[in-house]
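The values are calculated or read from the model by the stated rules, or taken from the named source; none is laboratory data. As the structure is a computational prediction, the values presented were derived from the model and not from experiment. Cβ placement follows ideal geometry from the backbone for every residue including glycine, while neighbour counts extend to all protein chains displayed. The protein model used for the area step is the full one, side chains on, heavy atoms only, and it has no ligands, DNA or RNA in it. Shrake-Rupley method; radii C 1.70, N 1.55, O 1.52, S 1.80 Å.
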Amino acid sequence: MLGRNELCPCGSGRKYKKCCLNKDVVSERASRKVSLSQKQYSELYTKIQQFAKQDKYQDEYEKAKEMFYIVEDEAINTKFERFFNTYFIQDHIMENKKVMTVEFYENNRDNLTTRDVEILRNLFESYVGIYEVTEVKDDKILLKDCLTDNEVYTEDVNLLKDFKVGSSMIARIVTVDDISILIDVTISISDAVKDVICNDIKHLFGQYEDLYKDMKTFLIHHTHILYKYMQQLLDPSIAEYLKQQKESKMNQAAQEVAVTQDEVIEDECKVCGVLRQNVEKEHIDACISFWNEYKQANGEVKGSENGWAAAVEYHIKKVAGENITQAQISKKYEISPSTLGKRYKDLKVS
């Protein structure tokens with residue numbers, strides 16, 4: 001242990017007691033608070049994990065994997081198992097329209113402490129976000145959510161010791177006993193990457209504004225999108241895979257034979273364009289026909305073309321008797337199963 005009268009290790013030449021001692025005391029106190037909060041979170045998280053391992057949730061577990069992972073490669077996906085476990089427990093919307101944390105609460109509420117309930121409520125509101133450091137103090141760091149403009153102090157100063165004012169990150173924050181801790185892996189990102197992701201997310205939110213009251217609600221329902229960015233950043237082979245997939249789709253679209261005038265009119269509809277890029281040949285005509293009939297009967301429709309296209313494909317394949325899940329179609333169109341469910345309901349009501 002460093003003595004009070006020894007030279008400060010910061011290199012100032014002053015005695016430790018007159019230099020960094022007070023700062024280190026404050027930092028250590030914050031560290032102890034964070035450690036206690038992390039312990040409380042981990043204990044509850046372990047209980048939820050055990051609850052989620054029941055056989056009756058196995059199908060939901062497989063659906064969550066389909067939605068979460070980008071590539072079908074066990075070796076690569078093992079790297080992101082920790083992310084996936086958090087996603088499955090806190091974000092995956094099951095067939096009953098609940099997430100696992102809510103399911104756990106409803107099944108165990110009589111055995112939960114007041115602290116457990118409070119942590120669960122905070123988990124219900126948590127999401128993966130893009131944050132920028134705006135202030136650094138000895139015992140806390142102020143982070144600005146780049147997508148909602150909300151600010152939050154975190155006492156997790158040791159974890160963020162290498163971050164400076166202006167540094168950006170992908171992170172997930174949960175409040176435990178009024179202490180904001182970061183869970184999963186916090187990833188440092190450049191300003192360029194931050195801008196690309198923020199612009200992508202804001203564009204998507206603009207397409208779904210009619211379904212979600214604000215950006216925070218959108219992020220809570222679409223946390224899987226940020227987890228997919230994390231996978232790409234942590235494994236370049238995934239980014240390359242997505243690039244090849246995109247190029248393949250573009251080449252396929254470019255190789256389409258000349259179409260009739262009626263088809264040209266159809267292609268002017270963005271939903272039809274999305275369908276043509278994604279639906280297999282044996283189903284594309286039925287999808288286009290069904291969508292045009294729906295549009296004619298309902299007039300102008302609002303919302304993301306990906307959401308409508310996904311619902312149309314899911315409907316047509318269900319009618320055809322294919323064994324297809326909402327998770328599979330949602331992943332294909334990069335939307336959440338809840339969004340697909342809402343659009344599918346709209347189609348059926350009409």
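Each stretch of four or more DSSP H residues adds -39500 (n - 2.57); spread over every residue of the chain, this sum gives -18000 deg cm²/dmol at 222 nm.
Beta carbons within 10 angstrom, averaged per residue: use that to sort the peptides 320-326, 185-191, highest first.
On the way: 320-326: 12.9, 185-191: 14.6.
So the peptides 320-326, 185-191, ranked by packing, come out 185-191, 320-326.
Backbone geometry of the stretch 114-124 corresponds, through the Karplus equation with coefficients 6.51, -1.76 and 1.60 at θ = phi - 60°, to 3J(HN,Hα) couplings of 4, 5, 4, 4, 5, 5, 4, 4, 5, 5, 4 Hz, x marking Gly and Pro. Cross-link partners of residue 144 among lysines, defined as those whose alpha carbon lies under 24 angstrom from its own and excluding same-chain residues fewer than eight positions apart: 23, 33, 161, 164, 194, 202, 213, 216, 228. Checking the cross-link pairs 281/345; 39/98; 63/331 against a 22 Å limit on the alpha carbon distance flags 281/345; 39/98 as lying beyond it. A 1.4 Å probe, protein heavy atoms only, puts the accessible area of residue 102 near 40 Å².
Heavy-atom accessible area, probed at 1.4 angstrom with all protein chains present, ranks 14, 172, 276 as 14, 276, 172, highest first.
Cross-link partners for residue 15 among the aspartates and glutamates, with Cα-Cα distance under 14 Å and sequence neighbours closer than 8 places in the same chain left out: 6, 24. Phi-derived couplings, Karplus 6.51 cos²θ - 1.76 cosθ + 1.60 at θ = phi - 60°, listed residue by residue for the stretch 32-40: 5, 5, 5, 4, 5, 5, 5, 5, 5 Hz, with x used for Gly and Pro.
What ranking, highest mean first, results for peptides 2-10, 121-129 when packing means the other Cβ atoms within 10 Å averaged over each residue?
On the way: 2-10: 11.8, 121-129: 18.7.
By packing density, highest mean first, the sequence is 121-129, 2-10.
The separation of the stretch 288-350 from the stretch 47-115, counted between C-alpha centres, amounts to 25 Å. Placing dummy labels 7 Å off each Cα toward the beta-carbon, the span from residue 39 to residue 319 is 6.0 nm.
Treating the beta-carbon of each Lys and Arg as +1 and of each Asp and Glu as -1, no other charges, what is the dipole magnitude of the chain about its Cα centre, to the nearest 20 debye?
Details: 49 positive and 59 negative charges, 328 e Å.
The dipole of the chain has a size of about 1580 debye.
Distances between placed amide hydrogens fall under 5 Å for residue 153 paired with 143, all partners being 5 or more residues away or on another chain.
Computed from backbone phi with θ = phi - 60° and the Karplus coefficients 6.51, -1.76 and 1.60, the 3J(HN,Hα) list for the stretch 90-98 is 10, 10, 5, 8, 7, 4, 7, 6, 10 Hz; x is used for glycine and proline. Spacing of the modelled spin labels on residue 2 and residue 82, each 7 Å from Cα toward Cβ, amounts to 2.8 nm.
The stretch between residue 295 and residue 111, if pulled fully straight at 0.36 nm per residue, gains 61.1 nm over its current Cα-Cα span. In Å, what Kirkwood hydrodynamic radius results for the chain from the alpha-carbon pair distances? The Cα-based Kirkwood calculation yields 22.9 Å. Exposure check, 1.4 Å probe, all protein chains in place: residue 35 carries approximately 60 Å² of accessible surface. Most tightly packed first, judged by the mean number of other beta-carbon atoms within 10 Å of their residues, the peptides 51-64, 213-226 read 213-226, 51-64.
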